[in-house]
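Participant: Here's a structure for you.
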Amino acid sequence: MKPVFEFLKTTSVKGFLILLPVGLAIVAIEELFDVVILITQPIASYFSGNNFLSGTAIAVVLLFLLFFFVGFTARCRTGKYIGRWLEKAILEKLGIYSMLKHFTQQFNNNNDVEGYLPAVLTDGDTQMLVFIIEEHINKRLTVFIPHAPMSVSGAVQCVGPERVRKLNASRVDILDCQRYWGLGTKELLERS
């Protein structure tokens, strides 16, 4: 029964992480759609007496053309270059973009991906579930200490490697322990 529950849980979390950017994209498209309708209303009044329907039709066509143009441009080498430049110059400066991008890329239950490796940080008699973010040249580690129950915020510390022990666990296991205020941590530590 436990493997079935684990499968349902991890599959559901993965589905959420896949659909989160889709949901945000839908909200952004709705906002874009409203702006395009607002802009096209004066144009639509020349074509028909029903401004709303004409404006909506024109907005749909313009959005489709915009999406097609951006998608087509992204396929060519110049488009890929421009996309990388826009991401670095504009989007990465938006904290929410970087956070969501890294969140969806890193928390996909694939521990082979660099960064966000599950670990335990020891501080005296205290142990904390953390993620190893990166290793420095001098062997020190940058760790992220997530806050419970919302693991997207927390503290970042640079610590010596002797204080950190990698866990035989997935990112989702750590997130589940955080989400449930530590429930399941005992089993997690015992199997590592």
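Participant: Can you name every residue in segment 172-191 that is at pLDDT below 85, farther than 14 Å from Gly154 by Cβ and of a type in the set (A, V, I, L, M, F, W, C)?
Facilitator: Correct list: Val172 only.
Participant: Say whether the condition of being surrounded by 15 or more Cβ atoms within 10 Å (Cβ to Cβ) and more than 23 Å from Phe16 (Cα to Cα) is met by at least one residue in segment 166-177.
Facilitator: Residues of segment 166-177 that are surrounded by 15 or more Cβ atoms within 10 Å (Cβ to Cβ), as a first pass: 167, 169-177.
With more than 23 Å from Phe16 (Cα to Cα) added as a condition, the list becomes 167.
Scanning segment 166-177, I find at least one residue that is surrounded by 15 or more Cβ atoms within 10 Å (Cβ to Cβ) and more than 23 Å from Phe16 (Cα to Cα), so the answer is yes.
Participant: Being of a type in the set (S, T, N, Q) and within 17 Å of the chain's Cα centre (by Cα) is the filter; apply it to segment 137-156 and report the residue that is surrounded by the most Cβ atoms within 10 Å (Cβ to Cβ). Don't jump to the end; show me each part of the working.
Facilitator: Start the filter on segment 137-156 by keeping residues that are of a type in the set (S, T, N, Q), which leaves 138, 142, 151, 153.
Checking which are within 17 Å of the chain's Cα centre (by Cα) leaves us with 151, 153.
Numbers: Ser151: 21, Ser153: 9.
Filtering segment 137-156 for residues that are of a type in the set (S, T, N, Q) and within 17 Å of the chain's Cα centre (by Cα), the one surrounded by the most Cβ atoms within 10 Å (Cβ to Cβ) comes out as Ser151.
The values are calculated or read from the model by the stated rules, or taken from the named source; none is laboratory data. The shown structure was predicted, so the numbers you read here are calculated from the model rather than taken from an experiment. No Cβ is skipped: glycine too gets one built from the backbone with ideal geometry, and neighbour counts run over all protein chains shown.
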